[in-house]
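To keep things clear, I will list the structure first and then write my remarks on it.
Bear in mind these aren't lab numbers, they're just calculated from the coordinates by the rules spelled out. These numbers were taken from a predicted model, which means no experiment stands behind them. Cβ sites come from the backbone with ideal geometry, for glycine too, and all protein chains shown count toward neighbours.
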Amino acid sequence: MQSLVPKEIEAGLSRDKIELIKKTVAKGATDLELELFFHACKRTGLDPLMKQIYAIKRWDSKDKIEKMTFQTGIDGYRLIADRTGCYAGSSDAEYTIGLNDLPVVAKVTVTKLVSGIPCQFTSSARWAEYVQLSKEGSPTTMWKKMPFLMLAKCAEALALRKAFPAELSGVYTHEEMQQADEQQSTPTQAYISSKATAAKKIAELRTEGLKKTSDDAQPLDWDAFLDYAGDDPDRMNVITQLKEALAIGMVSDLQGEARISFVKEFQQSCKDTGVPCEEWVKP
């Protein structure tokens with residue numbers, strides 16, 4: 001029977017080690033899938049025994065079958081890029097910060113030497129597209145503990161794949177595929193949740209007339225405003241600039257008249273910069 005393992009890999013793997021891989025980092029792989037996995041190991045230079053690369057089956061809701069995907073961590077991506085001899089490093093992530101001091105967008109730039117000339121490849125990852133949520137709808141443990149790091153990993157992976165498409169084609173990071181898992185049951189759950197919440201709140205405001213500014217009426221629904229402002233990167237840029245200009249820490253901590261003043265400033269800034277904006281309180 002012809003070996004499923006490329007000769008270069010087979011030379012360094014005993015049958016016991018191959019069986020170990022089938023039971024650990026390539027669970028449930030068919031013979032053909034295992035063959036593809038070993039070729040991915042050969043192409044990327046990642047060692048499955050060191051758990052640098054995994055073969056994981058996931059349910060494809062579109063095709064209604066399980067499909068094998070090949071995964072690594074951000075360190076695996078960096079290692080693959082470095083071995084090309086053209087990788088000149090990645091920048092520190094740049095962030096757009098949200099209302100609750102969480103990252104809305106992370107941007108990372110990767111530098112690649114092309115014919116000896118440094119060329120930059122930049123990609124951005126949005127929180128709403130990549131954050132992983134629990135069944136209760138809150139960020140999972142790692143995304144709660146290290147939100148900036150987790151989003152930066154996603155942005156760096158996107159930039160590395162843009163810079164080294166041939167080397168990284170068909171191999172994904174854990175963070176990307178975990179989000180894919182989430183999409184199988186609740187597509188872009190974080191994005192849908194924020195959009196749905198904002199739309200519902202706005203509809204309630206319009207129906208109930210809560211945008212009135214009389215002294216005996218609540219002038220706005222603060223939670224709805226925070227959802228609305230945080231749902232668009234242009235509006236978030238306005239928020240960030242206002243925080244700096246007004247020396248405000250966390251917008252969500254504002255109370256009473258300070259909220260009204262801030263929303264008025266927000267509406268005026270949106271108008272001045274051409275950013276579409278609902279009228280939440282009268283100027």
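Which FRET efficiency value, to the nearest 0.05, do you get for Thr30 and Thr140 by plugging their Cβ-Cβ distance into 1/(1 + (r/R0)^6) with R0 = 35 Å?
Values: r = 30 Å, r/R0 = 0.87.
For Thr30 and Thr140, the calculated efficiency is 0.70.
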Integer Hz, Karplus 6.51/-1.76/1.60 couplings in order for the range 20-28, x for Gly and Pro: 5, 4, 5, 8, 10, 8, 9, 4, x
Entries in Lys67/Lys107; Lys17/Lys153; Lys144/Lys264; Lys107/Lys243; Lys153/Lys271 that, when Cα-Cα distance is taken, lie over 26 Å: Lys67/Lys107; Lys17/Lys153; Lys144/Lys264; Lys153/Lys271
Computed on alpha carbon atoms, what radius of gyration and Dmax characterise the range 74-186, expressed in Å? 14.8, 50
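Assuming R0 = 51 Å, can you tell me the calculated FRET efficiency for the pair Ser169 and Gln268, based on Cβ-Cβ distance, to the nearest 0.05? Intermediate values should be presented prior to the final figure.
On the way: r = 48 Å, r/R0 = 0.94.
With a Förster radius of 51 Å, E is 0.60.
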